[in-house]
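Note sheet for the following structure.
The values are calculated or read from the model by the stated rules, or taken from the named source; none is laboratory data. Note that this is a predicted model, so its numbers are computed, not measured. Cβ placement follows ideal geometry from the backbone for every residue including glycine, while neighbour counts extend to all protein chains displayed. Accessible surface areas use protein heavy atoms only, side chains included; no ligands, DNA or RNA. Shrake-Rupley method; radii C 1.70, N 1.55, O 1.52, S 1.80 Å.
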Amino acid sequence: MSSFTSGTHPLSSPRNLGPPPPVSGGKIQSLSPRLSSIHLRRRESPINGKWVRPKTRSQAKSADSDDPVISAPNAQGGGGPSTSFLSVLCPLLKLFSGGDPSGQRNDALEVATSSVSTLARLPWGSRSVINLKDGEITVPGPPRPLQLFEFEACPFCRRVREAMTELDLSVEVYPCPKGSVRHRELVRSLGGKEQFPFLIDPNTGVSIYESSDIVNYLFEKYGNGKNPSAGLLQSTLFTGWMPTILRAGRGMTLWEKARRDQPPGMLELFSYENNPYARIVREALCELELPYILQNVGEGSRREKILMDLSGSKEVPFIIDPNTGTKMGDYKKILDYLFQTYSSAA
C-alpha cells in the first residue's frame, strides 16, 4: 500500500480546557500478535474539549492490504493530489448522486438503495454478539467512549462500525468528509497522516490505522474471547463497495452550506450499522461534519431498554441534540432538522 504522510499541524487548545493531565511513566506493552508492528508515541491533544493521550500508533500495513490511503496534498511540500481509489470514485459518484443533500429527495429511491446496501452486508452489523446472562451483560463496556475518525461512504470504515455494533460499543464519531474543515486536520495532527479509519481508545492510550488492525484490536480488547468473522476483516467488491456505489457518494463530501463552527455539545444517535434508515441519517451527519456519540443498538444490545425509555420504541434512528433540547425519531424528520439547524444560513 502506498503511503502518504503530511506534516503535523499543532492545534490550539479549546477554551476553558485547562492543562492536560500529566503523562504517566512506565513501559507501553505491545498489543497483540494479531496486530501489525506498533511504534510507540506519546502526545496529548484536545478533541472536542477532552484531552486524549494516544500512546501507540500503527505504522505498518496490516493483512488487510486493500485499505487505500485517503489523503490530501502535502501541506508542507505542496505535493500532488491523492492517488486513492476513493478520490477517483468520489467525483464519478457525485455525477449520479441526488444533488443537494438538503433538498427534496426521492424517498422511495433513498430507502430502496439503502435497503439493498443492507442486503449486501446482511451478515454483519445488525446484532450484538456480546452475550446476556440472566438479563445481565457479561462483559462491561469501556469506561470512556472510543473515538473514531471516519466517513460514512468509506467501505473500510464501514467494517469498523459493523464490528462496533457487534461488540455493542458506544463511540464518539468524528466525521471526516472530503472538504473537511476540522476533523481531517485532527487526524493529521494526532496520527501523522490523513488515512481512514483512525481509532483512538482513551482507555488504553492506543491509536490505530487500518481497518483489519482496528477490528482485531476491538475484538481482542472488548470481545470476551470472540473472534471477528472473515467478512469484518476483508470483503469482496460486491459486499464491500456495493453500499458506497448504491448510495452514490452520500456521506462522502462536506455539504457546501454546512456551518463551519462546531456546536458546543455532541449530538447523540441511537443506531446500528446495517439499519437502512439510520444509514441515511449518518450520511447527513457526515456531510455536515457534526461529531456525535454513536449509541449502537443492534439486536440484543444492552441499550435497548435505554432507547425504549427515551423514545417509547426500539426503532432507530433516534437522535438527541443537547444544543437545542431536540429528541426525535423518523429519519425524514431528522434529515430536515439537521440540514435546517446546521446550515450556515440558519
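How large a share of the accessible area of the stretch 142-342, in percent, is made up of carbon and sulfur atoms when the probe is 1.4 Å and the other protein chains stay in place?
Accessible surface attributable to carbon and sulfur in the stretch 142-342 totals 51 percent.
Regarding the stretch 142-342, what whole-number volume in Å³ per residue does the convex hull of its Cα atoms give?
119
Taking the Cα centre of each part, how many Å lie between the stretch 233-280 and the stretch 179-212?
Cα centres, the stretch 233-280 to the stretch 179-212: 17 Å.
Using the Karplus curve 6.51 cos²θ - 1.76 cosθ + 1.60 with θ = phi - 60°, work out ³J(HN,Hα) for each residue of the stretch 253-261 in order, rounded to whole Hz, and write x for Gly and Pro.
Whole-Hz 3J(HN,Hα) from phi for the stretch 253-261: 10, 4, 5, 5, 9, 5, 4, 8, 8.
Within 10 Å, count the other beta carbons around each residue, average over each peptide in 221-228, 281-288, and list them highest first.
281-288, 221-228
Measuring from label point to label point, each 7 Å out along Cα→Cβ, what is the Thr324 to Val116 span in nm?
3.3
Would you mind calculating the gained length between Arg127 and Gln340 on full extension (0.36 nm times residue separation, minus the Cα-Cα distance), in nm to one decimal?
Net length gain for the segment: 73.5 nm.
Quick one: which of 296-306, 109-119 comes out on top by average Cβ neighbours within 10 Å, and what's the full order, highest first?
Ranked by mean Cβ neighbours within 10 Å, highest first: 296-306, 109-119.
Between Asn203 and Lys257, what is the label-point separation in nm under the 7 Å Cα-to-beta-carbon projection?
It is 4.1 nm.
Subtracting the Cα-Cα distance from 0.36 nm times the residue separation, let me have the gained length for Val181 to Gln234 in nm, one decimal.
Length difference between fully extended and current span is 16.0 nm.
Which value, in Å² and to the nearest 10, is the accessible area of Thr239 when all protein chains are kept and the probe is 1.4 Å?
Thr239 has an accessible surface of roughly 30 Å² with all protein chains in place.
Can you work out the FRET efficiency for the pair Glu299 and Asn106, with r the C-beta to C-beta distance and R0 = 35 Å, to the nearest 0.05?
0.75
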